[in-house]
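Working notes, beginning with the structure itself.
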Amino acid sequence: MSRRKKSHQGHGTPQRPRFWGKHAVAAALDNPRRRVLRAWATRDSADFMSFPKDVAVTLADVADLGRLVPHDAPHQGVVIEVESLEEIWLDDILQSAGERSTLLVLDQVTDTHNVGAILRSAAAFGAAGIVTQDRHSPPESGVVAKSASGALERVPWARVVNLARALEEIGEAEFWRIGLAGDAEISLAEALGPKRVALVLGAEGGGLRPNTREHCDALARLPISDAVESLNVSNAAAIALYAASVA
């Protein structure tokens, strides 16, 4: 195997991920906190994107771009390699949150597509940020960036070592912590009320862990019919964010 093919199959690393797709790439280029290392693009995409002068752009055809990203990834004619963003601290998010704020806390949600979709919903509803446990959440990647459709660059994302301790800090910052659970006795509408809300969601299947539930001020369910047992976690997050925004 040649060195060139080997580098193509790497598809980036957690420290130097590769992003693809026009929305994800354009958002990265517009983010002053994001360092873009190199870029590959078709001629049409190169003319369309606003690449910084200090970024080396390699013109490539569609087939070459396909080898730079995972199989069947919708690159839309452009791929970039970037440095991962500098770490954001939970305390920074809490201090910058407004009097009326919504925060998302994800308990071991590891699916990259779901996390990306949750970031997109968080941006749509103006969430203060998301919080995940460092060891049980995906790193920055092209899949997360593409699923987030630019929101990876806009929504603060704090990774913490201990989620229970983070929930304690969130409570100390006067956020009302609501854990979403299908077996809860009250609905989300009944649990909402305080202006600062932290919505806590667990992974599909396992749901919230017992220790996470114990660190919530209330457990609430979404009012779904008996036709389905539960919702995809990214769909649940979007509905909960909407409910919090209009409460």
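Checking region 80-93 against the condition returns no match, with no residue being in a helix (DSSP H, G or I) and more than 24 Å from the chain's Cα centre (by Cα).
Looking across region 94-106, the residues that are outside any loop (DSSP other than H, G, I, E, B) and either surrounded by fewer than 16 Cβ atoms within 10 Å (Cβ to Cβ) or of a type in the set (A, V, I, L, M, F, W, C) (or both) come down to L94, Q95, S96, L103, L104, V105, L106.
Can N235 be described as under 21 Å from the mean Cα position of the chain (by Cα), within 30 Å of V25 (Cα to Cα) and either of a type in the set (S, T, N, Q) or exposed (fewer than 14 other Cβ atoms within 10 Å of the Cβ) (or both)? The answer is yes for N235. Of the strands (runs of 3 or more DSSP E) lying entirely inside region 145-213, those containing at least 3 residues that are over 30 Å from R34 (Cα atoms) span 176-180. Criterion applied to V55, V25 was being out of contact with any Gly (no Cβ under 6 Å at 6 or more places or on another chain), among the aliphatic types (A, V, I, L, M) and within 13 Å of E83 (Cβ to Cβ), and the one residue passing it is V55. Of the candidates E174, E190, E153, the single residue that is at pLDDT 95 or above, under 20 Å from D91 (Cβ atoms) and of a type in the set (D, E) is E174. All of S230, S225 fail the test of being under 23 Å from G116 (Cα atoms), assigned to a loop (DSSP other than H, G, I, E, B) and assigned by TED's automatic domain parsing to the domain that holds D134, apart from S230. Taking first residues from region 49-60 that are exposed (fewer than 13 other Cβ atoms within 10 Å of the Cβ) and partners that are aromatic (F, W, Y) and assigned to a strand (DSSP E or B), the Cβ contacts under 9 Å between residues at least 6 apart in sequence or on separate chains come to L59/W40.
The residue list S121, S141 contains one member that is crowded, with 18+ Cβ neighbours inside 10 Å, touching a residue at least 60 places away in the same chain (Cβ under 8 Å) and more than 21 Å from S84 (Cβ to Cβ), which is S121.
Just a yes or no: is a residue in region 16-37 of a type outside the set (S, T, Y), under 15 Å from V143 (Cβ atoms), outside any helix (DSSP H, G or I) and assigned by TED's automatic domain parsing to the domain that holds G171? No, there is no match, as no residue in region 16-37 is of a type outside the set (S, T, Y), under 15 Å from V143 (Cβ atoms), outside any helix (DSSP H, G or I) and assigned by TED's automatic domain parsing to the domain that holds G171.
The values are calculated or read from the model by the stated rules, or taken from the named source; none is laboratory data. Model, not experiment: these values are computed from the prediction. Every residue, glycine as well, gets a Cβ built from its backbone with ideal geometry; the counts of neighbours run over all protein chains shown.
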